[in-house]
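Report on the following structure.
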Amino acid sequence: MDKSKRLFRKSKRPFRRRLPPIGSGDRIDYRNISLLSRFISEQGKILSRRVNRLTLKQQRLITIAIKQARILSLLPFLNNEKQFERTESTPRATGPRTRNK
């Protein structure tokens, strides 16, 4: 092989295989909140398969389990606590209202 073709060849360095995020003993179920919360972002969105490093079948099962847990209110639909906090607002007029004619 001449030098010009050798330059474009990829190096054969060993890559470290990542461990799967779901172990063989973990069961994908809507009641397993500790497992499901690993696949939800801070905003409450379901993370993609590429981010989770899951197989297609595992991602489908995780998605269904998260949706079931949300419906049964085991998981929140939105994970943004600031949105639901009540803050001090401007004082409202509590006196009698007068109509303008």
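The values are calculated or read from the model by the stated rules, or taken from the named source; none is laboratory data. Here the structure is a predicted model, which means the values were calculated and not measured. All Cβ positions, glycine included, derive from the backbone under ideal geometry; neighbour counts span all protein chains shown. Note: areas computed on protein heavy atoms with side chains; ligands, DNA, RNA excluded. Shrake-Rupley method; radii C 1.70, N 1.55, O 1.52, S 1.80 Å.
Ile22 meets the conditions (1) in a loop (DSSP other than H, G, I, E, B); (2) among the hydrophobic types (A, V, I, L, M, F, W, C); (3) at pLDDT 90 or above in every case but one. The failed one is (3).
What pairs can you find where one residue is in region 67-78 and in a loop (DSSP other than H, G, I, E, B), the other is of a type in the set (Lys, Arg) and open to solvent by less than 60 Å² (accessible area, probe 1.4 Å), and their Cβ atoms are less than 7 Å apart, with a gap of 6+ or different chains? Sorted first by the residue in region 67-78, then by its partner, the pairs are Phe77/Arg70. Scanning region 25-41 for residues that are modelled with pLDDT of 90 or more, in a loop (DSSP other than H, G, I, E, B) and over 14 Å from Leu61 (Cα atoms) returns a single hit, Ser41. Filtering region 43-62 to residues that are part of a helix (DSSP H, G or I), open to solvent by less than 30 Å² (accessible area, probe 1.4 Å) and in contact (Cβ under 8 Å) with a residue 12 or more places away in the chain leaves Asn52, Ile62.
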